[in-house]
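Chemist: My questions all concern the structure below.
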Amino acid sequence: TVLKKRLVKLVVNFLFYFRTDEAEPIGALLLEHCRITKEEENVFSISFIEEPERKYCFECDSEQQCQEWIEALKRASYEFMRRSLIFYRNEIQKMTGKDPLEQYGISEEARFQLGTHKQ
């Protein structure tokens, strides 16, 4: 295990990482099909379903900062956003009797359907 100090920036579902003295990112993690795990008090990790043996560990300055990062990263994936859209669309439809996306020309056939993939 090699520890390196990096700055990170979350943009939608990409976690970019930078050397502390450079403005351009040296890499990025696409936060899809990944698992965010609390490791220690101020440490969390990201691992990917396709490569579970490889783990990226991140140490934060505080427990609160660690929790904030974990929550933000869990909400960053396309799958989370898709499930949220489906949930809120259904809730609004139950409350109002109308599909909130119908006004945007999204037909019944084009609905965002939940897959059978279980996590």
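Chemist: Tell me the trypsin sites (Lys or Arg not before Pro) within segment 1-41 that lie in a loop according to DSSP and have at most 15 other beta-carbon atoms within 10 Å.
Modeler: Values: sites: K4, K5, R6, K9, R19, R35, K38; in loops: K4, K5.
When the trypsin sites (Lys or Arg not before Pro) of segment 1-41 are filtered for loop state and at most 15 Cβ neighbours within 10 Å, K4, K5 remain.
Chemist: What is the distance, in nm, between label points placed 7 Å from the Cα along the Cα-to-Cβ direction at R89 and at R75?
Modeler: Each label point is offset 7 Å from its Cα along the Cβ direction, giving 2.1 nm.
Chemist: With labels modelled as points extended 7 Å from the Cα through the Cβ direction, what inter-label distance (nm, one decimal) is found for K38 paired with D21?
Modeler: 3.7 nm
Chemist: Let me ask you something else. What is the count of Lys pairs in the chain whose alpha carbons sit under 26 Å apart, if the two are 8 or more places apart or on different chains?
Modeler: Lysine pair count for the chain: 16.
Chemist: With an 8 Å Cα cut-off and a minimum separation of 6 or more residues, compute the relative contact order for the chain in percent. Don't skip to the end; give the middle numbers.
Modeler: On the way: 135 pairs, mean separation 17.8, N = 119.
That works out to 15 percent.
Chemist: What distance in nm lies between label points placed 7 Å from Cα along the C-beta direction at K9 and I49?
Modeler: 3.0 nm
Chemist: May I ask you to order 68-79, 51-62 by the average number of other C-beta atoms within 10 Å around their residues, highest value first?
Modeler: Descending mean neighbour count gives 68-79, 51-62.
Chemist: At a 1.4 Å probe, what is the % contribution of carbon and sulfur to the accessible area of the chain? Walk me through the intermediate numbers first.
Modeler: Values: 4810 of 9140 Å².
The value for the chain is 53 percent carbon and sulfur by accessible area.
Chemist: Can you give me the Kirkwood hydrodynamic radius for the chain, using every pair of distinct Cα atoms, in Å to one decimal?
Modeler: Details: mean 1/r = 0.0596 Å⁻¹.
In the chain this quantity evaluates to 16.8 Å.
Chemist: What residue among G97, V43, P25 has its Cα farthest toward the positive end of the dipole of the chain, where the charges are +1 on Lys, Arg and -1 on Asp, Glu, each on the Cβ?
Modeler: Toward the positive end, the furthest listed residue is G97.
Chemist: Counting only heavy atoms of the protein chains, get the accessible area per residue of the chain (1.4 Å probe) and round it to a whole Å² value.
Modeler: Solvent-accessible surface per residue comes out at 77 Å².
The values are calculated or read from the model by the stated rules, or taken from the named source; none is laboratory data. The structure displayed is predicted, hence computed values, not measured ones. Every residue, glycine as well, gets a Cβ built from its backbone with ideal geometry; the counts of neighbours run over all protein chains shown. Just the protein is used for accessible areas: all its heavy atoms, side chains included, with ligands, DNA and RNA removed. Shrake-Rupley method; radii C 1.70, N 1.55, O 1.52, S 1.80 Å.
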